[in-house]
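Novice: Sharing a structure below in structure tokens format, with a few things to ask.
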Amino acid sequence: RQLIDMNLADKSARHLMLITVAGMALPVSFGCGLLDHDRAEVLVGSQFPDDQSELALVQAINKVKNAMSVGRTIVLMQHENIYEALYDVLNQRYVLKRQRDGSYRRMLRLAVG
């Protein structure tokens, strides 16, 4: 628990990915304070055909991008179809874009397929 907390607090650390097949991991993570209801967003996928469409995949990836851009925690459940698109995120393959005020914004391409 202490190592996870340290990783989440470290702004220069790699993105943390916890993988589990246990259905109780989500309520336990919220219950023990590892996840905060105010800062975490849970995205649940499914095997329904409409949820496997390219549009649904792009929408899920955009939700991940938007949450990451504001520093929110994302929990993906049953989203095996977009995990591959997130490899560049986990490997921190960012491009720095200079803003008008001189600061830099980290950008990255995410795609399906």
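Novice: Please tell me if Asn62 is open to solvent by 30 Å² or more (accessible area, probe 1.4 Å), more than 26 Å from Met24 (Cβ to Cβ) and assigned to a helix (DSSP H, G or I).
Specialist: yes
Novice: Here is a check on your reading of the model: is Leu57 open to solvent by less than 60 Å² (accessible area, probe 1.4 Å), within 15 Å of Ile19 (Cα to Cα) and modelled with pLDDT of 80 or more?
Specialist: no
Novice: Would you point out which residue out of Ser46, Ser29 is surrounded by 12 or more Cβ atoms within 10 Å (Cβ to Cβ), farther than 25 Å from Arg106 by Cβ and in contact with a Leu (Cβ under 6 Å, 6 or more places away or on another chain)?
Specialist: Answer to the selection: Ser29.
Novice: When the residues of the range 17-26 are narrowed to those that are surrounded by 10 or more Cβ atoms within 10 Å (Cβ to Cβ) and at pLDDT 75 or above, which ends up farthest from Glu41 (Cα to Cα)?
Specialist: Ala25
Novice: It is to be established whether one or more residues within the range 22-31 are touching a helix residue (DSSP H, G or I) at 6+ places or on another chain (Cβ under 9 Å) and not acidic (Asp, Glu). Give the derivation first.
Specialist: Of all residues in the range 22-31, those touching a helix residue (DSSP H, G or I) at 6+ places or on another chain (Cβ under 9 Å) come to 22.
Those left that are additionally not acidic (Asp, Glu): 22.
Yes: the range 22-31 contains one or more residues that are touching a helix residue (DSSP H, G or I) at 6+ places or on another chain (Cβ under 9 Å) and not acidic (Asp, Glu).
Novice: Specify the residue that is nearest to the chain's Cα centre (by Cα); the eligible residues are those in the range 1-25 that are of a type in the set (Gly, Ala, Ser) and assigned to a loop (DSSP other than H, G, I, E, B).
Specialist: The residue in question is Ala13.
Novice: Anything in the range 1-33 that is closer than 20 Å to Leu86 by Cβ and among the hydrophobic types (A, V, I, L, M, F, W, C)? List them, or say none.
Specialist: So in the range 1-33, the residues closer than 20 Å to Leu86 by Cβ come out as 4, 7-8, 10-21, 25-26, 29.
Across the range 1-33, the qualifying residues are Ile4, Leu8, Ala13, Leu16, Met17, Leu18, Ile19, Val21, Ala25, Leu26.
Novice: Considering only the range 73-100, how many residues are modelled with pLDDT under 80, in contact with a strand residue (DSSP E or B) (Cβ under 9 Å, 6 or more places away or on another chain) and of a type in the set (S, T, N, Q)?
Specialist: 1
The values are calculated or read from the model by the stated rules, or taken from the named source; none is laboratory data. On a predicted model such as this, the values are computed, not experimentally measured, just so you know. A quick note on method: Cβ atoms are made from the backbone with ideal geometry, for glycine too, and the neighbour counts reach across all protein chains shown. Just so you know, the surface numbers come from the protein's heavy atoms only, side chains and all, with ligands and any DNA or RNA stripped out. Shrake-Rupley method; radii C 1.70, N 1.55, O 1.52, S 1.80 Å.
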